Amino acid sequence: MNLVVGVLVLMAVSVGCSLNSSAQTLSKVREKSIGLVEAKYPSSEVTRLELTLKQEEEKQAFYKWKITRNEKTKGVSIYIYFGASIKESAEKMKASNWNIPAGPGSKRTDLGDEAYFFEDTRSEFARIRFRKANVYLDIQANSLAEAEYLAKSIDKFIKKGGR
């Protein structure tokens, strides 16, 4: 009987530690992403950098910034999905492919485990979507260079193995 109780307690502690470490990892991805955008657009270069939308949930977060420079307004947004597994985040990315009217975009091999990009220079819009381990990101900016900078920077601090 004591052995059964001991095993159950050990399992509960293991699950609790696993949940706690994943929350810390998602929190770090959120914090790093926000920090990257704020560092990319320092107050000395822009008239205004405003986080206009911040939605944080258990498995996902969405941030949208309005950037004003030389009386011209731009936008940057980052969507982060933190799956319980690699499979779950891959399924989230696959599902989002079906929700994009123009399709997933062109495939990339220089980001994460799976990546796509789309650029429309006429409307100053670029989008990079990538998955690395159990994290899926969708980054939108006014140029491919801006989206690539953010994507590659975020890619560096996501651990490869996932959980």
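The values are calculated or read from the model by the stated rules, or taken from the named source; none is laboratory data. Since the structure is predicted, the reported quantities are computational estimates derived from the model, not experimental observations. Cβ atoms come from the backbone with ideal geometry, glycine included; neighbour counts cover every protein chain shown.
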>> So, in region 149-163, exactly how many residues are within 20 Å of residue 62 (Cβ to Cβ) and out of contact with any helix residue (DSSP H, G or I) (no Cβ under 7 Å at 6 or more places or on another chain)?
In response: 2
>> Step by step: first the residues of region 39-54, then only those that are modelled with pLDDT under 90 and among the polar types (S, T, N, Q), then the one that is surrounded by the fewest Cβ atoms within 10 Å (Cβ to Cβ). Which residue is that?
In response: 44
> Of the residues 107, 59, which is within 12 Å of residue 130 (Cα to Cα) and among the basic types (Lys, Arg)?
Replying inline: 107
>> Is it the case, given these coordinates, that residue 138 is at pLDDT 90 or above, part of a strand (DSSP E or B) and either in contact with a Phe, Trp or Tyr (Cβ under 9 Å, 6 or more places away or on another chain) or not small (Gly, Ala, Ser) (or both)?
In response: yes
> In region 113-163, what residues are polar (S, T, N, Q), farther than 22 Å from residue 39 by Cα and buried (at least 18 other Cβ atoms within 10 Å of the Cβ)?
Replying inline: 134
> Would it be correct to say that residue 152 is assigned to a helix (DSSP H, G or I), more than 21 Å from residue 50 (Cα to Cα) and in contact (Cβ under 8 Å) with a residue 12 or more places away in the chain?
Replying inline: yes
> Which of the residues spanning region 45-65 are within 18 Å of residue 82 (Cα to Cα) and of a type in the set (A, V, I, L, M)?
Replying inline: 61
>> Taking the conditions exactly as written (outside any strand (DSSP E or B), of a type outside the set (Phe, Trp, Tyr) and within 16 Å of the chain's Cα centre (by Cα)), does residue 147 satisfy them or not?
In response: yes
> Restricting the search to region 104-149, which residues are of a type in the set (S, T, N, Q) and either within 19 Å of residue 86 (Cβ to Cβ) or touching a residue at least 60 places away in the same chain (Cβ under 8 Å) (or both)?
Replying inline: 109, 134, 140, 142
> Has region 1-21 got any residue that is modelled with pLDDT of 85 or more, polar (S, T, N, Q) and either loosely packed, with under 13 Cβ neighbours inside 10 Å or out of contact with any Cys (no Cβ under 7 Å at 6 or more places or on another chain) (or both)?
Replying inline: no
> Out of region 59-112, which residues are loosely packed, with under 14 Cβ neighbours inside 10 Å, assigned to a strand (DSSP E or B) and not polar (S, T, N, Q)?
Replying inline: 69, 72, 107
